[in-house]
1. Name, by its number, the condition in (1) outside any loop (DSSP other than H, G, I, E, B); (2) within 22 Å of the chain's Cα centre (by Cα); (3) within 27 Å of ALA378 (Cα to Cα) that does not hold for LEU449.
2. In region 347-389, which residue that is polar (S, T, N, Q) and buried (at least 18 other Cβ atoms within 10 Å of the Cβ) is farthest from HIS283 (Cα to Cα)?
3. Out of all the residues in region 390-410, which are hydrophobic (A, V, I, L, M, F, W, C) and either part of a helix (DSSP H, G or I) or exposed (fewer than 14 other Cβ atoms within 10 Å of the Cβ) (or both)?
4. Could you look through region 257-288, keep only residues that are surrounded by fewer than 24 Cβ atoms within 10 Å (Cβ to Cβ), of a type in the set (A, V, I, L, M) and modelled with pLDDT of 95 or more, and pick out the one that is nearest to the chain's Cα centre (by Cα)?
5. In this structure, does ALA109 turn out to be modelled with pLDDT under 95, within 30 Å of ALA163 (Cβ to Cβ) and crowded, with 22+ Cβ neighbours inside 10 Å?
6. LEU196 - would you say it is assigned to a helix (DSSP H, G or I), modelled with pLDDT of 95 or more and not basic (Lys, Arg)?
7. Hey, can you tell me all the residues within region 129-147 that are hydrophobic (A, V, I, L, M, F, W, C), within 24 Å of GLN324 (Cβ to Cβ) and not in a loop (DSSP other than H, G, I, E, B)?
Amino acid sequence: MESLSSILSPTAVKFSYPMLASMAASAATAPSFSLTSMASGQRRTATSKHSAKPTKTLSATTATNPVSSTTSTSTATSLPPKKVLVPIGLGTEEMEAVIIVDVLRRAGADVTVASVEPQLQIEASCGTKLVADTSISSCSDQIFDLVALPGGMPGSVRLRDCAALQKITSKQAEERRLYGAICAAPAVTLLPWGLLRRRQTTCHPAFMHKLPTFWAVKSNIQVSEGLTTSRGPGTSYVFALCLVEQLFGESVAKGIGESLLVCLDDDNSRREEFNKVEWSFDHIPRVLIPVANGSEEIEVVTIVDILRRAKVNVVVASVEKSVQILASQGTKIIADKLIGVAAELTYDLIILPGGTAGAERLNKSRILKNLLKEQELAGRIYGAVCSSPGILHRQGLLKGKKATAHPSIVSKLTNEVVNGTKVVIDGKVITSRGLSTVTDFALVIVSKLFGHARARSVAEGLVYEYPRS
């Protein structure tokens, strides 16, 4: 069977996941090993250099195959669902938190998002406002199959300083249940708690110097005796899929990876551009991202996160009656404004996120429809990802344009569809297949607005592989 790198490498041709043969789902001890991330294409092999403990095979609970990439997944099993805790705080990295939650819920996990703050609503590191399911204090007496810590600053510090979370995670390690951390969290949160002892660990490059030298590993994913660590927003998919495999087994991880469009064939390019025009402004670009109940949270948060890192003025506007929306996989997001208020301004770029139910609700918004029509008439930029190019098609905004979309709706577009690429630009229209390809979509926008150097700088901060030229 092929290695996990066959899906997570950017040069992967087909999916195939190995069993994590050296780790048990609950009480087993195991040698450490590292896997490849799609962000770097590194290939690392299993190692037991620092462990003389016996290896045990993975005993995984198998969930049903995932359904469509834009709908929730449920597990038809008599066993109770795997329980997962994802804590968040002020300054948590939103891409990491949302991707972890989204991917695990698609796999059938019962994920609890818990706030370490006095209130449930938190503002993440790049300004996205998220609402937790509960407070961390309500989780103290629960038993979780996995505790997964997102990174971000000062979010990792807020997690570190939460006594209730420290107690939960320490108990998780003592009782040999799975726990993990990404980005700054391994060094800033777990290290002071003493939960990295004798475990090979990785983290964001900016924090590698804090890790014990002998145990620090420069890999995008590292699994060592029940602890899984990873490097940053750009490696969040490999991190989340690795956790899925440990909880549910390789077939479920494979199906989730396919539904997220993580693996693209060798000949799939990042972008194709037609009728090239410059996207340049003498001011900070203003971008509108409309959202609705059912919008795909991975896409919303990734686009917002990356554009704000590039210093774009991003406005998230709800087409619902409330600024709070419930995204497709259950994440609660607080928009900046209602669409009616947002419509008082003009925007250099309007981007429609996907999600089947969300796209339908966006399509019904008269205010948004008028904004998009005005955008086209004024010769300004607009775009869509996943299922939302269908909105542009229905509103006549793709006439004579080349585009791409999620595989589930491509056949419904009558314009010329471009296959074999993640992002398609035609003049001032930009589209993408959605989900995991949205990272490239957002970076292409940054490159068009500010140049390749800015996009590459943002990608480096994400720990995401991006072309040098």
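The values are calculated or read from the model by the stated rules, or taken from the named source; none is laboratory data. Bear in mind the structure is a predicted one, so any value in this text is a computation, not a measurement. Note that each Cβ is placed from the backbone with ideal geometry, even for glycine, and that neighbours are counted across all protein chains shown.
1. Tallying (1) outside any loop (DSSP other than H, G, I, E, B); (2) within 22 Å of the chain's Cα centre (by Cα); (3) within 27 Å of ALA378 (Cα to Cα), LEU449 fails exactly one: (2).
2. This residue is THR356.
3. Correct list: ILE391, LEU392, VAL410.
4. LEU260
5. No: the conditions fail for ALA109.
6. no
7. Result: LEU130, VAL131, ILE136, CYS139.
Matching residues to (1) under 20 Å from GLY434 (Cβ atoms); (2) in contact with a Pro (Cβ under 7 Å, 6 or more places away or on another chain); (3) surrounded by 18 or more Cβ atoms within 10 Å (Cβ to Cβ); (4) small (Gly, Ala, Ser):
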{"site": "GLU296", "(1), (2), (3), (4)": "yes, yes, yes, no"}
{"site": "THR302", "(1), (2), (3), (4)": "yes, no, yes, no"}
{"site": "LYS311", "(1), (2), (3), (4)": "no, no, no, no"}
{"site": "VAL319", "(1), (2), (3), (4)": "yes, yes, yes, no"}
{"site": "SER322", "(1), (2), (3), (4)": "no, no, no, yes"}
{"site": "GLY330", "(1), (2), (3), (4)": "yes, no, no, yes"}
